[in-house]
1. Would you work out which of L153, G118, A93 lies farthest towards the positive end of the dipole of segment 52-166? Charges go on Cβ: Lys and Arg +1, Asp and Glu -1.
2. How large is the convex hull of the Cα atoms of the chain per residue, expressed in Å³ as a whole number?
3. Placing unit charges on C-beta atoms (Lys and Arg positive, Asp and Glu negative, everything else neutral), compute the dipole magnitude of segment 4-84 about its Cα centre in debye, rounded to 20.
4. Name the lysines eligible as straight-distance cross-link partners of K45: C-alpha to C-alpha under 16 Å, and not fewer than 8 places from it in the same chain.
5. Please identify the trypsin sites (Lys or Arg not before Pro) of segment 147-193 that satisfy two criteria: DSSP loop assignment and at most 14 other Cβ atoms within 10 Å. Which are they?
6. Just tell me, in residue order, which DSSP H segments of the chain are both 24 angstrom or longer along the helix axis (alpha-carbon based) and at least 0.0 in mean Kyte-Doolittle hydropathy.
7. To make sure I understand the rule: partners must be lysines, Cα under 20 Å from the Cα of K98, and not fewer than 8 residues away in the same chain. Which ones qualify?
8. Tell me whether segment 124-177 comes out rounded, prolate or oblate; compute the Cα gyration tensor, take square roots of the eigenvalues as a ≥ b ≥ c, and use a/c under 1.5 as the rounded threshold.
Amino acid sequence: VGRKLTDLVVPERFHGSHGDGFAEFRRNGRGRLVGQTIELTARRKDGSEFPVEVSLSATRIRGCWHAIGTLRDATQRVEMERALRAAKESAEAASQMKSDFLSTASHELRTPLTSVLGFARMVEKRLARYILPHVPLSDARATQAMFQVMQNLRIIAEEGDRLTALINDILDLAKLDSGRFVWCREPVDLAEV
């Protein structure tokens with residue numbers, strides 16, 4: 001009681017601007033803090049600083065302007081906001097890493113898969129064209145083996161096509177996630193869809 005507010009809670013580096021603002025307020029009851037809530041830095045008794053929310057109202061008593069103020073310690077809110085920002089940045093970095101990984105992995109999988117599919121189809125065609133015609137139908141074991149090989153090659157090709165579609169979907173998701181996806185808008189028959 002009886003001490004100046006500036007000496008109690010205003011950090012020393014702000015004394016000049018606080019003094020100027022308060023002098024202006026005492027003359028006309030106006031100032032940048034009056035009628036709003038803003039965040040400032042305050043000083044504790046031990047000299048440490050902390051964030052506060054300050055709300056000031058002006059009132060005139062016996063011809064003099066007075067300020068009625070509320071200072072609320074905003075340390076917890078500021079720390080929570082800082083933690084939320086850090087968590088958001090961490091999540092965004094993890095999401096970017098995931099997108100980069102999916103994109104890289106998809107491209108790296110596509111290259112050998114294209115070779116596997118190409119060779120499987122080539123072997124299937126060459127077997128059908130050059131070897132199958134020479135297998136005697138009377139040899140049941142050879143015919144069964146050729147049938148099994150052809151069936152296995154078809155399965156390799158079908159599963160390879162399925163894997164290619166999955167890789168394409170992953171690449172599309174990575175493009176969508178990064179904002180590089182190209183949309184093709186066209187009219188469709190809703191009943192048919």
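1. A93
2. Convex hull of Cα atoms, per residue: 283 Å³.
3. On the way: 14 positive and 11 negative charges, 93 e Å.
Here the size comes out at about 440 debye.
4. Result set, ordered by chain and number: K4.
5. Numbers: sites: R154, R162, K175, R180, R185; in loops: R180, R185.
Within segment 147-193, the qualifying trypsin sites (Lys or Arg not before Pro) (loop, at most 14 other Cβ atoms within 10 Å) are R180, R185.
6. The answer, listed by residue number, is 140-178.
7. Candidates past the 8-residue exclusion: K88, K175.
8. prolate
The values are calculated or read from the model by the stated rules, or taken from the named source; none is laboratory data. This one's a predicted model, so the numbers in the text were calculated from it and none came from an experiment. Neighbour counts run over all protein chains shown; Cβ positions are idealised from the backbone, glycine included. For accessibility, only protein heavy atoms count, side chains too; no ligands or nucleic acids. Shrake-Rupley method; radii C 1.70, N 1.55, O 1.52, S 1.80 Å.
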